[in-house]
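The block underneath contains the structure these notes are about, expressed in structure tokens.
The values are calculated or read from the model by the stated rules, or taken from the named source; none is laboratory data. Just so it is clear, the model here is predicted, and its values are computed rather than measured. Here Cβ is always computed from backbone atoms with ideal geometry, including for glycine, and neighbour counts include all displayed protein chains. Calculation scope for accessible area: heavy atoms of the full protein, side chains included, ligands and nucleic acids excluded. Shrake-Rupley method; radii C 1.70, N 1.55, O 1.52, S 1.80 Å.
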Amino acid sequence: MRWKRGSAAKMLLTGTLIAAVIPLCIDWEMVYASSTTSGASVVKTDQELQNTLLRAMNQRLGQIQFVYQGKTNQLKGQLKQALEEALESDPYMNYTIESYGYSYSGSSKSANVSVQLSYRETAAQTAYVSRQVRSILGDIIKPGMNDHEKIKAIHDWIVLHLKYDETLQKYTAYDGLSSGSTVCQGYSLLAYKMLKDAGITNRIVEGTATPRNTGMSQLHAWNLVLLDGKWYHLDTTWDDPAPDRKGEIGFGYYLRTDAQMKKDHAWTKSYPAANTPYRDTLKQLIRQNDSRKGFYKKLERDLEYQLYDPSQIVSSSAQLRSKAQAVIKQGGRSLLFRYHGSKEALVDDLQDLYRLGVNSISYVESELDETEDLRVYVTWK
């Protein structure tokens, strides 16, 4: 498993209010306000402050200067909150900003404010992302598709067309689309943009993830998707095989619950709860027996949900041989099954397959979510 890295922390530079002792006989508040309003926009409310910042960000301005008219004793907190709320209102912008800072000076009722911003993506690059996303969606989203089909198409496109940036230098959706590689932040940004433009509500989750081979928690980002009124986690980065294997798509982190994700992912911010197993959702959809049943059945197989059928449980060498023989008769050389028993017993039962005349048996086993059994994938020659 590769090291995955999430969004870099944004730098915050605090401002200071400069005040001086002045004679009471002169209305210096009015004098200061008059001297600062010429040629500069005037902001008077928190909403105007947030809107001013967001407009500047959308234009990718590196510096914003304006006059704040009002009580300035809490301006530092107001600026910080306005910046945070402006970014929270636009998730794509939030994770495209590299750093921000601000400074101000003035009196107790008026201040000159300067906000400095730096971006990971230029306005032209964001426009490129928008054009590319429109083009991609035009190719992969077919008339009549519902949200289940759209999410699958978007997930698969991202996994097939991006690879993880091992240099840890590419952070944006633009990087992913223009060069073919990016880190998890770029994956989640592109997924956010594609899902949003396809009409699917989603959010970017920031947190940490712990690759099993290292045991070390690393910064990470992924998506939460709202589907038929229920939230699900979607991690396109961790569904992309590493190192990249052309044409292969993983589904281990496709529409997962909080409980399923918490095995190796964590998040500290408050996000909508994801409590419904997608396999239960698919079962209900398949029972409807509508025109999309074929799609749902294939998706169920891709997600390996058939392993939750009790008939798929193997608990003896005789059962395993029977399943393997059926595959061999069809010319197959691999078998996926659910094993009930110890890892030691599994090895003994796999050794018994040599009685079928096969060679070079190899296997991969892992815990099967929400069961006490093992997921086993065995191959032979």
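Of E84, E149, E166, the order by accessible heavy-atom surface (1.4 Å probe, DNA, RNA and ligands excluded), from most exposed downward, is E166, E84, E149. Largest mean-square fluctuation among G341, G331, G144, in a Gaussian network model of the chain whose springs join Cα atoms under 10 Å apart, belongs to G331. For V205, nonlocal amide neighbours, meaning residues 5 or more places apart or on other chains whose placed amide H falls under 5 Å from its own, are W222, N223, L224.
Estimate the FRET efficiency between D46 and R131 by the formula 1/(1 + (r/R0)^6), using the beta-carbon distance for r and 41 Å for R0, to the nearest 0.05.
Numbers: r = 35 Å, r/R0 = 0.85.
The value I calculate is 0.75.
Where in segment 117-143 does the amide nitrogen come within less than 18 Å of the point 7 Å from the Cα of H161, taken along Cα to Cβ? What the label zone holds, given the 18 Å backbone N cut-off, is 125-143. Cα centroid separation, segment 161-195 to segment 332-359: 39 Å.
Between D290 and S322, residue separation times 0.36 nm minus the direct Cα-Cα distance comes to 8.1 nm.
Only aspartates and glutamates eight or more places from K298 in sequence, or on another chain, were considered; those with a Cα closer than 17 Å are D147, E149, D156, E248, D280, D290, D309. Computed over the chain with a Gaussian network model linking Cα atoms closer than 10 Å, the most mobile of H340, H155, H220 is H340. Of the listed residues R321, R55, the order by accessible area with a 1.4 Å probe, largest first, is R55, R321.
Based on C-alpha pairs under 8 angstrom that are at least 6 apart in sequence, segment 255-381 has a relative contact order of 19 percent. Based on DSSP H segments of at least four residues, each scored -39500 (n - 2.57), the chain has a per-residue ellipticity at 222 nm of -11000 deg cm²/dmol. One entry in [x] 25.8; [y] 16.7; [z] 23.7 is mean projected area of the Cα convex hull in nm² calculated from the shown coordinates; its label is [z]. Among T72, T268, T182, the residue with the largest mean-square fluctuation in a Gaussian network model of the chain, with springs joining Cα atoms closer than 10 Å, is T268. Mean separation of Cα pairs under 8 Å and 6+ residues apart, divided by the residue count of segment 151-297: what relative contact order is that in percent? Normalised by residue count, the contact order of segment 151-297 is 19 percent. If you take all other residues with their beta carbon under 11 Å from the beta carbon of M261, and give Lys and Arg +1 and Asp and Glu -1, the sum is -1.
Model label sites at D90 and K297, defined 7 Å from Cα along the beta-carbon direction, differ in position by 4.7 nm. Ranking Y254, Y308 from most to least accessible surface, computed with a 1.4 Å probe over the protein chains only, gives Y308, Y254. Straightening the chain between S118 and K71 buys 14.1 nm, computed as 0.36 nm per residue apart minus the Cα-Cα spacing.
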